[in-house]
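Shown next, in structure tokens, is the structure this report addresses.
The values are calculated or read from the model by the stated rules, or taken from the named source; none is laboratory data. Keep in mind it's a predicted model, so treat the numbers as computed, not measured. Backbone-built Cβ (ideal geometry, glycine too); neighbour counts: all protein chains shown.
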Amino acid sequence: MKISLNWLRELVELPPEVDAERAAAALTGQGLEVEGIEPKGRELSGVVVAEVLGIRPHPGADKLRIVRVRAGKREEDVVCGAPNVPPSGNRVCWAPPGARLPGGRTLDAREVRGVLSPGMLCSEIEMGFSEAAEGILILPPAAVPGEDVAKVVGAVDDVFEVNVTPNRPDALSHLGIARELAAHFGTRVRLPEVDQVPEVDGGLAMDVDIVDAQGCPRYTARFIAGLSVGPSPISMRLRLAYCGMRAISNVVDATNYVLLETGHPLHAFDFDRLQGRIVVRRAREGERTTTLDGQERGLVPEDLLITDARGPVAIAGIMGGATSEVSAATGNVLLEAATFEPRSIRRTAKRLGIPSEASYRYERGVDANGIPFASLRAASLIAKLGGGSLVRGTVDRFPRPPAKVTVPLSLTKLRRVSGVDYDITFAIQQLTRLGMGCKPQGDGLLVTVPSYRPDITIAEDLIEEILRMGEYGKPARKDRIASNATELANPEGSADRARRLLAGAGLSEIVTWAFVSKAALAAISGDGKDATLGQGITLRNPISADYEVMRTSLLPGLADALKRNLSRGVADAWLFEVGPVVRRAPGGDATPVENNHAAGMLAGRRGGWLKPGEPLDFYDLKRVVEDVLRGFGIADARFVSPGAEPFLHPGVSAQVLSPSGAALGCLGELDPRVLRKLGIDSAAFYFELQVAGLAWATASLRTAAPPRFPAVSRDVSFWIDLATQAAAQRAAFLSAAEPLLCDLGVLEDFRDPKYVPAGKKGVLWSMTYRAADRTLTDAEADDAHQRVVAALAAAFPIQIR
Amino acid sequence: MASEGAGTAQDLVRSFESLAADFSTEIAGLRTEPEIRLAQTRYLGKKGRATDLMKQLGRIPPGDRPAVGAAANRARESIEKLVEERLAGLAEALLAGELARSVDVTLPGRGRRAGTIHPLSRVRMEIEQIFLGMGYEVRTGPLIETEWNNFDALNTGADHPARDMQDTFFVEGGLILRSHTSPVQIRTMLAGPPPVKIIAPGNVFRRDDDATHTPMFPQCEGLHVDKNVSFEDLKATLIAFVQRFFGPQTDIRLRPSFFPFTEPSAEVDASCFLCQGKQPARATCRLCKGTGWLEIGGSGMVHPNVLAAVGYDKYDVTGFAFGMGLSRMAMLKYGVTDLRLFYENDLRFLQQFPAG
């Protein structure tokens, strides 16, 4: 909300040393954060009020005239081309030589078609007051010739941008902000002066009937007769503009001005365009109305309306209707000042999508007790600006006056919540400054809350009021941060462990959105054939189609990140992400299942040192997965092909199972068809593991002392069927249950068709034999090796080489 | 050798002398230890030349034998000494050769570099560590929440204007994406009686997507509920935190504010760790933009309605809560000026955050 410092100074007396910075600091410190201060009117200087003394034609041009003006003791002839130069005696704005205008222009004496003109007469545009104007600005007769125009119209100002939290409707006005400053500096607010205008009896009258008292606790109508609509004075228009409102006409501007001043929304109806009486009621099914912005609006029965004999004339608290709008022809006005139920206004404003200055305040709560003053102030201002009269007598329907609010505050509670042993006089002093009434009660106070503070309903609210006037900023008086928790758990521990292991394995962590596009899920799920991956939880109001469904896998995000890095020339990308995926609960339970996954994507080449490396393959990927599994204490996970995931290459993928057979995840090369759909034109390797599975499988770590006796190694090389996997061979060797065999591994797996019989592969295994209690002899090792090789030969047809 | 057969004692002595001289000549041409050892055996071994000469000793008159024996010993000692010197020389030359080797130490190390931890993870881990040290447990909750946990239980009713402050994502089944980490407070308090002392890090979601907002962002929330937990405790805790996180000179500033779930409420500013809030550095400080303060989060005393919603006795216990945006903390801490960098996942940015 924009707040003019000039305006504030009219409403509250501030100590002379208080400048814009200090006033802003006081407000910010009290919880009304001033987010910015905008100095206004500083670019305009030297333009003075001048009285027109006479006008004569310009000898050299039909459209120009020579205007004699006086400012103070100075009289000059100024050339002016404006069509609206007023007759003698009026006040205009003269920029004499040396005056500066916004944009950096400095005036000088200059010849205009042969006549020397000392400066110029200015329009609002030239002085930076508005963006449109017809001719020069004419000031009211009260302006004293010779005075600075910027000062006379209030152009020099500081405008605060105040962030008012939604609990403080009282602060949505200059008066409300003035109250805060008065409390801070220990001064008093001054209510704006009500203009003295002529009053008449009778002439205009209209009854008001509130059908829905729930929706409209108070409705008042005042009548202003015999006015004429025109522009409002420049000082008022300038102030409205500084506060972000457009000037419209004297009548509408006056209602907006008083709104900004007091925080009370007001609405002016053209009295002569109303019929019968004002009825405040809910809309009827199918009812429609055209608001003053020219839009036709469909209404629903929860909308609160202001109606006359013919139908809706305004949507209560939100926007007036087109049919009763004040126009240039308006002569008589009905001024509405009312309160409406916040909830109802909020719903209608939201549904119709027309937030307004009025609805913004009604949604937060307008003080019913402030209405009489705001109404009188606005009505008088309208009468003054329009040259009309105030009709005596006000219609005031007040079916639901607000109850007087009192809140008890015990000293014990104040001390317990604040942690400081305040005494009661301190509390009274703080609350009194904020306009609250304090009466002793029990060990504390019974506090009467002003009706403009609907946010204060419980003792804690009062405690904040007591503390926010200076106590927040004081240093903490004690240090009580010691532990009293007994067990320090970190559920993110396993996820973080995965992060550290993956970083250690050479991958870089990325973070991607938890929601992805439906197209991405289709791409990774075989067009939805895999329902777990393809049927994600959808967002009802996504920001865009890129983010419309919760991710069921970390693959779309990693693929996206890989694509971006490749497109930016980063070809060697080892990426990982750890985070939740969201999947539908089995059995149709509405609450989805969220599980942390750890996934990685590798693309590029192996690290070649001082020469290009080899392209990556499955085993680079497997090494990473093994590192993570080992980090979690799983040394003997099983890798089972074919992989089950629809996005992996059918021949180059595997499921990862725990030793007990529980699924831990998958790994493999991405299916080239899926890569194409994901927009990646390079081979990529991918794994995805379930963090909970890893953590669950984690065994307590058991170790053995290193062996004391030397080992003997023996190799065996053979042809075997291509399809017989290393794990099967290993199992066959181990089936010998040879006690001396302590380790075995593949040294070579060769498949070159030039040397290998068709359908076969050559494998070289190396076995290590050792006894725990002695050095083995060659003969013992030979015997053991023979038994182990025989076990393989018994299981599979092999040819020893 | 037979030609020496009829030699006198003198002849024999000369033969031994020439034996040593021959060996000296021969060994000069040898380059390896095995060659030298072989030569040594040829002279001094069981079947060597020295042995052959010794066999002639029997034909020497006994009176002359000592002189011949002495010559034999001299020859043997001389040969052995030559061998020793030569081997030592060889070893020295080998070592010198070995030590002459050198590498270009400015070439990079071999093998794949260790990976990196994302700055948002890094800053979260650091914050968790600080609070674990202060006796807080870490708690987490689901991304998909009920409106009750996210709003109603937090004193934010359906028509509460505060619901305007954050635009929420809705998913199917009447559920929402949590708009803050505060539902974890609710879940924790519903799960057990006080005392509760937790922090709750995690991603939250709001319908915002521009230069300074992302639709998903990480927060970390703190909650301490117990008998006699006061506003002063909140201050003390926040000071302890910012001093560990930003540095020991850091101060805090609390400003009154409004959150539906706390009363009294406060915005938390930390003094700028770059300029220390002191002029003249402050005037041109790009981090705090000359204010001397960095906004880091919100805080306050847990609203009695929140305590009541989870069935806690609001007359018995009080509590404080605080929350901060981790992106903001990471931006401040690592000098990141563009929020979008956290989500672009450009390796050239990410690789500046080594694990460890």
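Values computed for the structure shown
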quantity: Within region B:227-264, tally of residues that are facing another protein chain (nearest Cβ under 7 Å) and over 29 Å from the mean Cα position of the chain (by Cα); calculated: 15
quantity: Qualifying positions in region B:210-220 - more than 27 Å from the chain's Cα centre (by Cα) and more than 7 Å from every other protein chain (Cβ to nearest Cβ); calculated: B:D210, B:A211, B:T212, B:H213, B:T214
quantity: Selected residue (criterion: nearest to the chain's Cα centre (by Cα)) from residues of region A:745-768 that are assigned to a loop (DSSP other than H, G, I, E, B) and over 18 Å from A:A727 (Cβ atoms); calculated: A:D752
quantity: Residues of region A:561-581 classified as at the interface with chain B (Cβ under 8 Å from one of its Cβ atoms) and under 17 Å from A:A683 (Cβ atoms), total; calculated: 6
quantity: Selection count, region B:302-356, where residues are among the small types (G, A, S), out of contact with any Ser or Thr (no Cβ under 8 Å at 6 or more places or on another chain) and either surrounded by 15 or more Cβ atoms within 10 Å (Cβ to Cβ) or not in a helix (DSSP H, G or I) (or both); calculated: 7
quantity: Residue selected from region A:283-304 under the condition in contact with a helix residue (DSSP H, G or I) (Cβ under 8 Å, 6 or more places away or on another chain) and not basic (K, R), by the criterion surrounded by the fewest Cβ atoms within 10 Å (Cβ to Cβ); calculated: A:E302
quantity: Which listed residue is in a strand (DSSP E or B), away from chain A (no Cβ under 14 Å) and not polar (S, T, N, Q), from B:L287, B:L294; calculated: B:L294
quantity: Every pair of residues 6+ apart whose Cβ atoms lie under 9 Å, when the first sits in region A:461-476 and is under 15 Å from A:H184 (Cβ atoms) and facing chain B (nearest Cβ under 8 Å) while the second is assigned to a helix (DSSP H, G or I) and among the polar types (S, T, N, Q); calculated: A:L467/A:S418; A:L467/A:Q430; A:R468/A:Q430
quantity: Exclusive hit being in contact (Cβ under 8 Å) with a residue 12 or more places away in the chain, over 27 Å from A:Y619 (Cα atoms) and not assigned by TED's automatic domain parsing to the domain that holds A:V640, set A:A779, A:A793, A:A772; calculated: A:A772
quantity: Contacts under 9 angstrom Cβ, first residue in region A:83-112 being over 12 Å from A:L44 (Cβ atoms), partner assigned to a loop (DSSP other than H, G, I, E, B) and among the charged types (D, E, K, R), 6 or more apart; calculated: A:P83/A:E134; A:N84/A:E134; A:P97/A:D108; A:G98/A:D108
quantity: Candidate set: region A:102-125, residues that are buried (at least 20 other Cβ atoms within 10 Å of the Cβ) and within 17 Å of A:A71 (Cβ to Cβ); chosen: the one farthest from the chain's Cα centre (by Cα); calculated: A:S117
quantity: Single residue of A:L629, A:L657 found to be without any contact (Cβ under 8 Å) to a residue 24 or more places away in the chain and surrounded by 15 or more Cβ atoms within 10 Å (Cβ to Cβ); calculated: A:L657
quantity: Count - residues of region A:165-176 that are outside any helix (DSSP H, G or I) and more than 9 Å from every other protein chain (Cβ to nearest Cβ); calculated: 2
quantity: Subset of region A:592-612 (residues that are farther than 24 Å from A:S553 by Cβ, loosely packed, with under 14 Cβ neighbours inside 10 Å and not aromatic (F, W, Y)); calculated: A:R605, A:G608, A:L610, A:K611, A:P612
quantity: Out of A:T255, A:T307, sole residue that is farther than 18 Å from A:S375 by Cβ and buried (at least 17 other Cβ atoms within 10 Å of the Cβ); calculated: A:T307
quantity: Selection status of A:I177, buried (at least 24 other Cβ atoms within 10 Å of the Cβ), closer than 30 Å to A:L274 by Cα and of a type in the set (A, V, I, L, M); calculated: no
quantity: Residue tally, condition hydrophobic (A, V, I, L, M, F, W, C) and surrounded by fewer than 18 Cβ atoms within 10 Å (Cβ to Cβ), over region A:139-171; calculated: 3
quantity: Failed criterion for A:G506 (all others in (1) of a type outside the set (D, E); (2) crowded, with 19+ Cβ neighbours inside 10 Å; (3) on the phi > 0 side of the Ramachandran plot; (4) away from chain B (no Cβ under 11 Å) hold); calculated: (4)
quantity: Residues that are in contact (Cβ under 8 Å) with a residue 40 or more places away in the chain and farther than 19 Å from A:D148 by Cα, drawn from region A:27-58; calculated: A:L27, A:G29, A:Q30, A:G31, A:L32, A:E33, A:V34, A:E35, A:G36, A:I37, A:E38, A:H58
quantity: Out of A:V34, A:V78, A:V52, sole residue that is out of contact with any Phe, Trp or Tyr (no Cβ under 9 Å at 6 or more places or on another chain) and in a strand (DSSP E or B); calculated: A:V52
quantity: The lone exception for B:C285 - which of (1) over 30 Å from B:K227 (Cα atoms); (2) in contact with a Pro (Cβ under 8 Å, 6 or more places away or on another chain) it fails; calculated: (2)
quantity: Test for A:V628: is it under 26 Å from A:R673 (Cα atoms) and either not acidic (D, E) or not in a strand (DSSP E or B) (or both); calculated: no
quantity: Tally, over region A:1-51, of residues that are within 29 Å of the chain's Cα centre (by Cα), over 16 Å from A:L175 (Cα atoms) and more than 14 Å from chain B (Cβ to nearest Cβ); calculated: 5
quantity: Yes/no for A:P650 being outside any helix (DSSP H, G or I) and touching a residue at least 60 places away in the same chain (Cβ under 8 Å); calculated: no
quantity: Scan of region B:196-239 for residues that are basic (K, R) and in a helix (DSSP H, G or I), ordered by number; calculated: B:K235
quantity: Residue in region A:413-428 that is within 14 Å of another protein chain (Cβ to nearest Cβ), closer than 23 Å to A:P166 by Cα and touching a strand residue (DSSP E or B) at 6+ places or on another chain (Cβ under 9 Å) present; calculated: no
quantity: Boolean, B:Q243 is without any contact (Cβ under 8 Å) to a residue 12 or more places away in the chain and either polar (S, T, N, Q) or part of a loop (DSSP other than H, G, I, E, B) (or both); calculated: yes
quantity: Test: A:R22 is closer than 24 Å to A:G128 by Cα and either free of Cβ contacts under 8 Å to residues at least 24 places away in the same chain or basic (K, R) (or both); calculated: no
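Residue-by-condition table, conditions (1) more than 44 Å from the chain's Cα centre (by Cα); (2) among the β-branched types (V, I, T):
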position	(1), (2)
A:P612	yes, no
A:F618	yes, no
A:K622	no, no
A:A637	yes, no
A:V640	yes, yes
A:A644	no, no
A:G661	yes, no
A:S682	no, no
A:F687	no, no
